[in-house]
Amino acid sequence: MRIAITLALLSLAGCGARPTGQAPAAAAEAGDAPRLLAAPTTESIASEDGPYGLTELVTGLSHPWSLAFLPDGRMLVTERPGRLRLIADGAVSAPLAGVPAVYTEGQGGLLDVAVSPRFAEDGWIYLSYAEAEGDRAGTAVARARLDGQALRDLTVIYRQTPKLSSGAHFGSRLVFDDAGFLFVTQGDHNQRAMAQDLDKLQGKLVRIRPDGSTPEDNPFVGRPYARPAIWSYGHRNMQGAALHPVTRALWTSEHGPRGGDELNIPQAGKNYGWPLITYGINYSGLPIPEARGEAADGLEQPQHYWKVSPGLSGMAFLSDTGSPWNGNLFLGALATRELIRVELDGDRVVRDERLLGDRKWRIRDVREGPDRKLYLLTDEDDGRLLRVDPPRTAS
Ligand SMILES: [Ca+2]
């Protein structure tokens with residue numbers, strides 16, 4: 001498998017781009033097709049820990065939202081307007097057939113993609129997206145089997161009801177933990193108070209089985225008027241999530257209002273405070289109406305917060321013992337348009353360094369590849385896939 005991954009990534013790095021000439025009709029509606037750059041060059045950029053490499057791999061993606069690696073090294077990329085593509089063998093595929101219909105107002109669309117931890121046996125991939133009902137929408141999760149250039153056996157395994165979003169705050173990231181449970185991060189649909197209502201799914205982190213059923217040990221199973229899928233609550237809009245490489249705990253990033261973006265390590269049954277406590281204010285400059293302050297009894301403090309909102313999105317930890325960045329957390333910032341490198345001491349945030357700020361890219365997703373390099377997506381009409389090669393430890 002190691003050889004296959006290496007080969008796939010080598011071809012990704014640009015040995016002979018092939019035009020996607022065999023694209024079916026759907027691609028014509030997609031505007032300019034994404035292009036894998038034929039001969040990408042790696043730029044060397046200074047950081048506090050030495051030079052790192054930046055390579056632009058693909059351009060022309062329409063608001064790419066998420067990427068995931070298959071065990072053989074091929075990459076899946078979502079585009080928010082509702083397309084899923086494969087990147088492999090030196091080419092970007094036409095949109096795969098069989099993707100669910102998505103609601104594309106505001107922040108809606110096709111969001112995360114995750115590969116089953118048992119993909120070799122079950123072939124499932126998982127998608128989160130905004131699903132319409134009338135003129136409103138909610139976060140939904142479907143799984144399907146990847147069959148060549150198409151999805152088959154598409155099944156919706158989870159959906160937020162009622163649907164209350166007219167385009168705001170869907171989340172959503174999908175992360176499997178080591179026990180095989182699927183965590184789905186969500187947003188509050190800009191219906192702030194509902195993040196505190198246990199009979200609503202808005203503003204909640206949920207934990208389900210891969211088939212969508214509810215684990216019996218979820219914290220609110222059996223409690224009257226509570227949705228049993230809920231793991232934790234009081235969240236505003238979580239657009240990043242990743243397992244810590246050592247503790248294997250789930251970490252989430254949370255997009256605050258004006259100020260107060262957070263990192264959390266959500267524990268079963270705990271209340272993370274939104275909108276009762278926050279380090280932010282409304283975009284209007286006025287306080288959040290429900291907020292009592294920055295802290296209150298019974299409400300969890302964030303693991304870390306940023307007083308000035310970077311606009312946190314996707315995140316990944318780096319596991320590369322040959323790099324001074326080993327164990328660091330990387331977060332895409334949409335508002336401040338940079339890559340944030342966070343140094344940790346255990347679970348405590350020590351400091352951060354801002355990278356790529358001069359590029360002015362809205363960084364939507366950050367992932368660690370099987371080659372221990374970082375892959376980034378930029379949220380633009382002409383969105384990019386980029387690779388960051390971490391600096392090497394001096395020997
Ligand atoms: Ca909070």
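The values are calculated or read from the model by the stated rules, or taken from the named source; none is laboratory data. As the structure is a prediction and not an experimental result, all values here were calculated from the model. Here Cβ is always computed from backbone atoms with ideal geometry, including for glycine, and neighbour counts include all displayed protein chains.
Just one of the numbered conditions (1) surrounded by 24 or more Cβ atoms within 10 Å (Cβ to Cβ); (2) more than 17 Å from the chain's Cα centre (by Cα); (3) of a type in the set (Gly, Ala, Ser); (4) within 16 Å of the ligand (Cβ to nearest atom) is not true of ALA193: (1). Restricting ASP153, ASP188 to those that are touching a His at 6+ places or on another chain (Cβ under 7 Å) and not aromatic (Phe, Trp, Tyr) reduces the list to ASP188.
Looking only at residues of the range 252-269 that are at pLDDT 95 or above and surrounded by fewer than 24 Cβ atoms within 10 Å (Cβ to Cβ), we find that the one that is nearest to ALA168 (Cα to Cα) is LEU263.
Checking each residue in the range 240-272 for being within 11 Å of the ligand (Cβ to nearest atom) and in a strand (DSSP E or B) picks out THR252, GLU254, ASP261, GLU262, LEU263, ASN264, ASN271. Every condition in (1) in a strand (DSSP E or B); (2) within 14 Å of the ligand (Cβ to nearest atom) is met by TRP231 except one, and the failing one is (2). Against the definition (under 16 Å from GLN196 (Cα atoms), touching a residue at least 24 places away in the same chain (Cβ under 8 Å) and surrounded by 20 or more Cβ atoms within 10 Å (Cβ to Cβ)), how does GLY273 come out, yes or no? Taking the combined requirement at face value, the residue satisfies it. Among the residues of the range 24-62, those identified as β-branched (Val, Ile, Thr), modelled with pLDDT of 95 or more and farther than 21 Å from ALA97 by Cβ are THR42, ILE45, THR55, THR59.
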